[in-house]
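First the structure, in the form of structure tokens, and then the observations on it.
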Amino acid sequence: MIPDELKTIPVVEAFAALDPDAITGGKLDRGELTLEIPPEKIVAVCRSLKDEHKFVRLSTISAVDWYPQEPRFEVVYHLHSPARNQRLRLKCRLEGAHPEIDSMTGVWRGANWYERETFDLFGIKFRNHPDLRRIMMPEDWQGYPLRKDYPITGDRV
């Protein structure tokens with residue numbers, strides 16, 4: 001549900017008119033807009049934001065592990081519109097058992113590296129990614145180091 005204070009923001013109004021289910025929540029805090037998007041709608045929302053609302057720059061993609069809560073993971077997209085001098089944060093919540101979401105590489109080519117990093121450190125899979133493999137850890141590394149249940153002291157010998 002879109003909070004009342006967000007309903008008059010042009011981007012939110014546009015999505016509410018186009019697809020009322022595209023935004024499930026959000027907040028405006030210190031001038032920073034954050035919108036919660038269902039994972040199955042993230043590609044369509046991002047394509048519209050880029051093509052129609054001039055958010056042409058994907059600043060980063062990252063994730064948050066809310067372990068032991070479910071949905072466990074939150075994929076976070078930071079967008080920038082230089083033409084409008086605006087920034088926008090999008091969040092998608094994913095279940096912990098098999099975290100998967102569609103790749104943004106079809107919208108922004110630069111998403112490639114951010115998605116690989118998020119996959120490598122959190123284990124979140126990006127469907128239709130052109131080359132989803134580890135980027136920071138060795139290929140034979142076991143586990144995902146930024147998950148909250150990852151053993152920080154290593155294996156005891």
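The values are calculated or read from the model by the stated rules, or taken from the named source; none is laboratory data. In this text the structure is predicted, and so the values were computed from the model without any measurement. All Cβ positions, even for glycine, are placed from backbone atoms using ideal geometry, and neighbour counts span all protein chains on display. Side chains are part of the model used for accessible areas, which takes the heavy atoms of the whole protein and leaves out ligands, DNA and RNA. Shrake-Rupley method; radii C 1.70, N 1.55, O 1.52, S 1.80 Å.
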If only one of 74, 52 is open to solvent by 90 Å² or more (accessible area, probe 1.4 Å), under 18 Å from residue 35 (Cβ atoms) and not in a loop (DSSP other than H, G, I, E, B), which one is it? 52
For residues that are acidic (Asp, Glu) and outside any strand (DSSP E or B), scanning just the stretch 14-30, find the one that is nearest to the chain's Cα centre (by Cα). 21
Residue among 113, 108, 141 that alone is surrounded by fewer than 19 Cβ atoms within 10 Å (Cβ to Cβ), hydrophobic (A, V, I, L, M, F, W, C) and closer than 30 Å to residue 31 by Cβ: 113
Name, by its number, the condition in (1) outside any helix (DSSP H, G or I); (2) open to solvent by less than 90 Å² (accessible area, probe 1.4 Å); (3) among the β-branched types (Val, Ile, Thr); (4) more than 24 Å from residue 128 (Cα to Cα) that does not hold for residue 11. (1)
So, residue 68, is that one surrounded by fewer than 15 Cβ atoms within 10 Å (Cβ to Cβ), of a type outside the set (A, V, I, L, M) and closer than 21 Å to residue 5 by Cα or not? no
